[in-house]
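Just below is one structure, and these are the notes that go with it.
The values are calculated or read from the model by the stated rules, or taken from the named source; none is laboratory data. Note that this is a predicted model, so its numbers are computed, not measured. Neighbour counts run over all protein chains shown; Cβ positions are idealised from the backbone, glycine included.
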Amino acid sequence: MRTMTKATAVVLGGIALAVSGQGMANAVPASAEPAPSCVTAQVSSFLGTTVRVTNGCGTEQRVQVNFSTFGSSYGQCLGVLAPGEAKTASAVDLTRFTGLTRC
C-alpha cells in the first residue's frame, strides 16, 4: 500500500511539474479575439493533447492554441503562420483543447 501511495505521488508530481511548465505560456485573456475560420485545428488525444494548426488563409496569421486543465486555462502562442503553414502545440494528459484565438 505504501508503494502504491508513493507511485501515485510521483505521477501526480510529474503532472504538476508539466502543468506548471505550461503555465509559463501565455495566459488566455477573457476577451481574446477568435482566430479566423480559415485557420483550422486537428486534435489528437493520445498520451496528452496535440493540436495541429493549419493556416488556410491567404495572409499571415498569429494564432494561439488554448487549453484547459484542472480548472485553469492557458495558451500557447504559435507565432506567425504563413499561408499554408502548419504548426503543432502539445499539452500533458488530462488537458483539453478549448479553441484558437489570435495572439
Exercise. Can you name every residue in region 53-96 that is under 21 Å from SER37 (Cα atoms), of a type in the set (Gly, Ala, Ser) and exposed (fewer than 13 other Cβ atoms within 10 Å of the Cβ)?
Worked result: GLY58, GLY79, ALA82, GLY84
For this session: Filter region 22-46 down to residues that are part of a loop (DSSP other than H, G, I, E, B) and under 15 Å from THR88 (Cα atoms) and give me whichever is modelled with the lowest pLDDT.
Result: ALA25
Exercise. Within region 72-103, restricting attention to residues that are in a strand (DSSP E or B) and of a type in the set (S, T, N, Q), which residue is nearest to THR59 (Cα to Cα)?
Worked result: THR101
Exercise. Among the listed residues THR59, THR69, THR88, THR101, which satisfies the condition of being at pLDDT 95 or above and either more than 18 Å from GLN42 (Cβ to Cβ) or basic (Lys, Arg) (or both)?
Worked result: THR59
Problem set entry | Condition met for LEU47 (more than 14 Å from GLY99 (Cβ to Cβ) and either among the hydroxyl-bearing types (Ser, Thr, Tyr) or exposed (fewer than 13 other Cβ atoms within 10 Å of the Cβ) (or both)) | yes
For this session: Give the residues of region 35-44 that are surrounded by 13 or more Cβ atoms within 10 Å (Cβ to Cβ) and free of Cβ contacts under 8 Å to residues at least 12 places away in the same chain, sorted by residue number.
Result: SER44
For this session: Read through the list (1) more than 16 Å from ALA41 (Cα to Cα); (2) touching a Pro at 6+ places or on another chain (Cβ under 8 Å), then give the number of the only condition that TYR74 fails.
Result: (2)
